[in-house]
Structure formats: C-alpha cells, structure tokens
Amino acid sequence: MAFKILIAEDEEITLKHLLSTLQKEGYEVTGFNNGSKAFERIEEENFDLLIADIKMPGLTGIELLEKIKERNIETEVIIITGYGSIDSAVEAMKKGAYDYITKPFDLDELLLKVGKILEGKGLKKEIVALKTSLGTHNKISGIAKSNRMKKIFDIVESIKESDCDVLLTGESGVGKTLIARLIHSMSIRKEKPFLAINCATFNENLLTSELFGHEKGAFTGAISRKQGLLEIADTGTIFLDEISEISTGLQAKLLHVIEDGDFFRVGGTRSIKVDVRFIAATNRNISTLIAEGKFRKDLYYRLNVMEIYIPPLRERREDIEPLSKYFLRKLLPKAGKKITGITKEALEILTNYSFPGNVRELENIIERAIILEKSAQITPESLPQGLHLFHVETLPPGNIKPIDELNKEYAEKVVEMLGGNKSKAAELLGISRTSLWRILKEE
C-alpha cells in the first residue's frame, strides 16, 4: 500500500508542483488550498504525512498541527514557511512538527525529509508487528526460534529501565535498525523522539550540518538557521547507523556531546544543551579500526556501555523458516494474493542458503517470490536461481567451501547477471554498496 500524503498549500502553482513531484515518486497524494478543508479530510481518512503552509485560509499550518496533536492523530507534519518566518517554524517544531522547509525550497531536500519520515513509519509498523509476535510479556514466539536471538531479546528486556548508551554490531541487514527501535520503544524515553541517521550516506560537512544544525550564513547555501538532529532528538534517542564510517574529527565532536551534553551549531557561538540517549551501530570490526587509528578508543568505550552483537542469519538457520513465514504474512496484504504458505522444498532451499544480505535479503526474496508465484504456496520455482546452488548437504566433503568464499562467488554472479551494476546488485542482495565492495574484495 502506498504511503499517503496530504498537502495544504494556498499557492496554486506550489500546490500543483508538490502534487506532481510526490506522485512521480510513487506516493498517494491529495491536495487542498484551504486549511479547514484539509483538516476535514484528515478526520475522514488516515494520512502518513501532512505538508502544510504556515499561512493559508481556513486554518493555518500551526493550527492544523495543534488539532492533529490534540486528537492524537498519527500523522507527521512538515511545515512550509516563508523566508524570514523561522521563528514560526521553530514554534511549530516545539509543538510537535517533524520538520520544516523554507520557501523557495529545494525539492531534493523535501524528498529526503519525506523519505526519512516514511521510512520511520514503515519501521514503526514493523515494530508493532514484532511486539505482537513477541507476546504480551515480550517473549519470543514466532519469528525468533534460535537461542542466540532469544538472548538478544532478553537483553533488550533487561535494559528497558536503564538509560545506558548501546552499541549494536553485526553484518549489514541483520536487523540492527529494528533492534534499535525496539530498545527505544521499550525504554523510559519511549514517548520521546527517536531519530535515525545513516552516517555512511553523507559526506563529513553534510553530516555535521545534519547532526549539529547550522546558523544562517555558516556556509554557502545556509540561507537560514537549521536545527540539527541532536537538537530535535532532545529528551529522546538518536540512532547513529554505520557510525564507523565517520571521520575521527567528527567522532571527537560526538564524544563531547555524549560526555557533556552540549554542542555548537555550525557557525554558532551559543552552546546548546541536550539530553539524548545514543544507540550506535556498525557492520565493521571496531577493534581493527581502533588499531588502524580510524576510530577513537574513548568514543568506543563511551558507546560500548552495552554491546549487542546480532549474528548473521547463516549462524541461526532455525530462524529462517519463522522469519520467512513472518515476511509472507507481512507482505501478502500489499500484494493482494492468496498464498497460504511455503512448500517444504522451498523452505529447504532457503535454509541451505548463506544469505550474505541477511534478514533484509530474505525479506526481498520473499517479496519477489510473492510477485512471481502463481500457485497457493511459495515454490522453489519462484525463488532466485542462485539459491539453488546452495545445497551444502549434497556436496562431497572435500568440495565444501568456506561461507565467505560462497558469499563472494554468489555476489560476483549477481553483479555479472546485472551487467556489472553494483548498485543494483547491492539493492537486490539487501546490503549497502560498501558491504558489497568488501565481499567482492575478500581474498
């Protein structure tokens, strides 16, 4: 089901432009040029996101925001403000708006903000499903049969009253983001903001601005003051994914925030105090990075109050069947198909596969199979052909290869199949380009 966005904007040209842009991105978009009419629709229909101009007939953007928060409607809000109306935008943030954009706005920036919100919405829905699967007392039932995952959930349960920082380690795609959100949703900060950022997707200057914010005129293009994620996440939790990818200089700034609870915006002269819990994640060996001088030992010790290692799927094969069935249940409503289960033969193929992309790859495989399957159950014919190579039990003992070698061979076949397109191959495998590069580089 497409994410639903409502736009409330009284400038006809801007409204048409936003409708066209967001519809091209695949979102289900509705627009009104009047705040009161927009709110009438919100009361009739559920929307994932409202983008509202701060000034318009009927209800203003701020008034719309207030009504949404008063009624506990689960719709995130981005406020559109004119140049010079930053104080109103800050007021909107204090009242619960997710973010704001300033006219004239950059469409790429808007799409990035929309993407972040809707990614979070999708993960929130996953958490609801996960918590339901865990049962009333958060006991594992249905999607984690392995003792190793049960122990992880026991740890999450045991630290729910604590406010300690957490470091999540494990390969790409094992579910670190979902575990981070689960930790937050069970914590004493659960009613406060949870903001996530993938540190590997930004260069150093952009990441610094995203985390710490900036003052007007701090650099070329900084036409207004911007709050950083640390400031917005105040009293809540911030999740720093792939933290090992940031520079040691930026690591030092983060360490200061963790230790002293304050920072300066880029170009700022006033110290900003925050109370934030940090959850960080990495798919790399931190000890090796410390030895190479690429990661600060003091930052590692501050984050490593509680380290949780999430094992790869190939090391907990008993989770493959329940996870496959979980993803089937999760994805079927969107597909609109009547598939009742997965055949024994298909499950056997899945269980014998090494999953270099881990849980994320398994979800992609099940989604693909649902699309292709023509019968009432998922059959081997609907699974990627490469998976059929991984019947380990049929290999003569002398021909058994290490998992890393099999991962590399399979990754090479996928890249070759896609004509050398590594970005597409990484997406298909459910891993980042960086992780794919490391797998292909293995000697």
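The values are calculated or read from the model by the stated rules, or taken from the named source; none is laboratory data. Here the structure is a predicted model, which is why all the values come from computation and not from measurement. Backbone-built Cβ (ideal geometry, glycine too); neighbour counts: all protein chains shown. These accessible areas exclude ligands, DNA and RNA; they are computed on the full protein's heavy atoms, side chains included. Shrake-Rupley method; radii C 1.70, N 1.55, O 1.52, S 1.80 Å.
In segment 176-193, the residue that is nearest to VAL274 (Cα to Cα) out of those that are open to solvent by 30 Å² or more (accessible area, probe 1.4 Å) and outside any loop (DSSP other than H, G, I, E, B) is THR177. Selection of segment 211-239 for residues being basic (Lys, Arg), crowded, with 16+ Cβ neighbours inside 10 Å and assigned to a loop (DSSP other than H, G, I, E, B) yields only ARG225.
Yes or no: segment 322-338 includes at least one residue that is closer than 25 Å to ARG181 by Cβ and modelled with pLDDT of 95 or more. No, that holds for no residue.
Per the listing THR102, THR75, THR60, the residue uniquely more than 19 Å from GLY120 (Cα to Cα), of a type in the set (Ser, Thr, Tyr) and under 27 Å from the mean Cα position of the chain (by Cα) is THR102. Residues that are of a type in the set (Asp, Glu) and touching a residue at least 60 places away in the same chain (Cβ under 8 Å) were ranked within segment 143-175; the one that is surrounded by the fewest Cβ atoms within 10 Å (Cβ to Cβ) is ASP163.
Evaluating GLY115 against the criteria (1) touching a residue at least 24 places away in the same chain (Cβ under 8 Å); (2) of a type in the set (Gly, Ala, Ser); (3) more than 21 Å from HIS214 (Cα to Cα) leaves one unmet condition, (1).
Please enumerate the residues belonging to segment 201-210 that are farther than 18 Å from MET93 by Cβ and either in contact with a Lys or Arg (Cβ under 9 Å, 6 or more places away or on another chain) or assigned to a loop (DSSP other than H, G, I, E, B) (or both). Within segment 201-210, PHE202, ASN203, THR208 meet the criteria. Of all the criteria given as (1) under 29 Å from ASN407 (Cα atoms); (2) open to solvent by 40 Å² or more (accessible area, probe 1.4 Å), the one not satisfied by ASP319 is (2).
Taking segment 37-59 as the range and being of a type outside the set (D, E, K, R) and open to solvent by 40 Å² or more (accessible area, probe 1.4 Å) as the test, the residues that pass are ASN46, PRO57, GLY58.
Matching residues to (1) part of a helix (DSSP H, G or I); (2) touching a strand residue (DSSP E or B) at 6+ places or on another chain (Cβ under 9 Å):
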| residue | (1), (2) |
| --- | --- |
| LEU15 | yes, yes |
| THR30 | no, yes |
| LYS37 | yes, yes |
| ARG41 | yes, yes |
| ASN46 | no, yes |
| LEU64 | yes, yes |
| GLU74 | no, no |
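Reported count of residues in segment 269-295, each being surrounded by fewer than 17 Cβ atoms within 10 Å (Cβ to Cβ) and part of a loop (DSSP other than H, G, I, E, B), is 8.
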